[in-house]
Amino acid sequence: MEAYRDGDRHCAGVTAMTAVRRLDPHPSPPALRACLLSNGRYTIMTRDRGSGFSQWRNLAITRWREDATADMLGSYVLIRDRHSGIAWSPTLQPLGAPDDSGSFTLIDGRAEYATTRDGMDATLTITVAEDRDCEMRRLALRNTGSVARELDITSYAELVLGSATADAAHPAFSKLFVERNGSHRLACSSRIDDCAAPTSLQCGRRTASPRQRM
């Protein structure tokens, strides 16, 4: 406990008040709101609601806007039940329930989201590789109900592959420079008109089950 007191002195007819501040000897740690994951070149910022951005060196991989009212941009994983048609996300954004009791923690350089929805436990783990410039997102699902489930898993992100400043100034114009390459994997490239940056930036996204090798 910390306290200070100014006694009972009188000055110009005003009595000085005693002020006491008590400190909790076992304060609760503040809630984790956001975290940065990086290997020094590739960086992810992810928030407790699931929004955030990816960046490589000084170039934006995904689109980001600082907007506390919407907070809708990020790299998301969406889950859809084929029988009921209900779609949801393991993070609060974009399709999490308002009363979601999920958790957001930082463990050994990994951000982890955990939640339960309609008898399905979902854990989303996000990390950045140490030896290469890429991010990894692992989704673990566990059916706690007695009925078999068929689920569709979709990943979503708005790509920039260029300067974040230029994209913020002219987002529609920036989208013209992102091209998707036809293949069994999602691969995109962007032309960059900057002498200090590469003339072309490429990125790819691949989904693999536990039995497949990345």
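Candidates in region 186-214 are the residues that are part of a strand (DSSP E or B) and either over 23 Å from residue 74 (Cβ atoms) or aliphatic (A, V, I, L, M) (or both); of these, the one that is modelled with the lowest pLDDT is 186. Restricting to region 165-185, and then to whatever is in contact with a strand residue (DSSP E or B) (Cβ under 8 Å, 6 or more places away or on another chain) and part of a loop (DSSP other than H, G, I, E, B), can you tell me which residue is modelled with the highest pLDDT? Checked region 165-185; the qualifying residue modelled with the highest pLDDT is 177.
Candidates in region 126-174 are the residues that are among the hydroxyl-bearing types (Ser, Thr, Tyr) and surrounded by fewer than 17 Cβ atoms within 10 Å (Cβ to Cβ); of these, the one that is farthest from the chain's Cα centre (by Cα) is 146. Pairing each residue of region 41-65 that is within 12 Å of residue 203 (Cα to Cα) and without any contact (Cβ under 8 Å) to a residue 60 or more places away in the chain with any residue that is of a type in the set (A, V, I, L, M, F, W, C) and part of a strand (DSSP E or B), provided the two are 6+ apart or on different chains, yields no C-beta distance under 9 Å. Taking region 65-164 as the region of interest, none of the strands (runs of 3 or more DSSP E) fully inside it holds 2 or more residues being among the aromatic types (Phe, Trp, Tyr) and within 23 Å of residue 208 (Cα to Cα).
Okay, residues lined up against (1) touching an Asp or Glu at 6+ places or on another chain (Cβ under 7 Å); (2) at pLDDT 95 or above:
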site: 15; (1), (2): yes, no
site: 38; (1), (2): no, yes
site: 44; (1), (2): yes, yes
site: 51; (1), (2): yes, no
site: 57; (1), (2): no, no
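Contact map, region 83-94: residues that are closer than 13 Å to residue 114 by Cβ paired with residues that are acidic (Asp, Glu), Cβ distance under 7 Å, separation 6+ or inter-chain. Pairs shown: 92/100.
The values are calculated or read from the model by the stated rules, or taken from the named source; none is laboratory data. Note that the structure is a prediction, hence the values are computed from the model and not measured. Cβ sites come from the backbone with ideal geometry, for glycine too, and all protein chains shown count toward neighbours.
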